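What follows is a short report on a single structure.
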Amino acid sequence: MKYLVFLLVAATMAFANDDGCTDTSIGSYTPGSDAISLTLENDWAQSQQVLGLNAVDDYILGSDRTGMKLQTYNGSTGTPATSIPLDAANTNCFGLAWNDEITTPVCYTNDWTDSDLYYTEDSGTSWATVSAPNGNQARGMDFDGTDYWCTNADGGGLWIFQPGGAQVNVAIPEVPTQPSGLAVFPYEGDLGVAVTTYNTYNFYFYRWDGTNMVYLGSTPCPVSGIAGSYGLTYAPNGNLYWSYRDGSSVYHLTEVSFSITSLARSSWGAIKTSF
């Protein structure tokens, strides 16, 4: 009986924060590369859950699964602004991605307990679904101007896809534990890719040329006392925004500047229109 009680308590603790993490490894940092550096520019504690992230103009969108909404934050102050209600069936949302269209905006979200992508064309007034490329294993999402991206939480790398259409799975064997956040950004005429994981507190960087995924290196997250590492997105100001949970179960939205040796920053708009 005592053993059964222990198992029940352990299971409750493992899922207590309701963040989609099924990784049982203990949180840790790994040595980074001297070619990559991160600088914490801002750190804003939030009163709500902040999982997946996506940048839209000067604002950052974060998924709040417990509040059943996508929350907008001011990218300069971290202050919550308006919110978008999730579909009633999208009860375990993590990732989200906008298509960056002004005239026909579309937002996609995923769910870690079903195999659907949810999408809205009217800022959450109505939602529809399409099959997710990797079932219920998607976590962080992003959009590169042509294709959508998502992490694969069972260790299966990254998926690059068109919703309901073509898809390709790309391996990222250098990432040691369950992936969470994902961001794509301009990198020397190609696409840079950054990945975070729930329980290994590093940022992992890659270069994608449309055919090959080249590992650039990793570096530790720029704060200590992390209890969970979550969303990631690249903003028009050239910085990454990252979310994490601290040891007191408070969620944080942060702004992080970064550098990679030989990184040539072209404008986000320029690289997106070149695809």
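Numerical summary
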| read-out | value |
| --- | --- |
| Label point distance in nm, residue 37-residue 131, each placed 7 Å from Cα along Cα→Cβ | 4.8 |
| Gyration tensor verdict on the chain (Cα atoms; rounded if a/c is under 1.5, prolate if a/b is larger than b/c, oblate otherwise) | rounded |
| 15 Å beta-carbon shell around residue 30, net charge (K/R +1, D/E -1) | -3 |
| Fully extended contour minus Cα-Cα distance, from residue 59 to residue 212, at 0.36 nm per residue | 51.9 nm |
| Relative contact order computed over the chain (Cα-Cα under 8 Å; 6+ residues apart), in percent | 21 |
| Centroid-to-centroid separation of the stretch 179-258 and the stretch 15-93 [C-alpha atoms, Å] | 11 |
| Förster radius 30 Å - calculated FRET efficiency between residue 28 and residue 48 (Cβ-Cβ, nearest 0.05) | 0.65 |
| Over the stretch 24-166, relative contact order from alpha-carbon pairs under 8 Å, at least 6 apart, % | 14 |
| Relative contact order (%) - the stretch 151-221, alpha-carbon pairs under 8 angstrom, separation at least six | 22 |
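None of the figures in this text is laboratory data; all of them are computed from the coordinates on show. Note that the structure is a prediction, hence the values are computed from the model and not measured. Every residue, glycine as well, gets a Cβ built from its backbone with ideal geometry; the counts of neighbours run over all protein chains shown.
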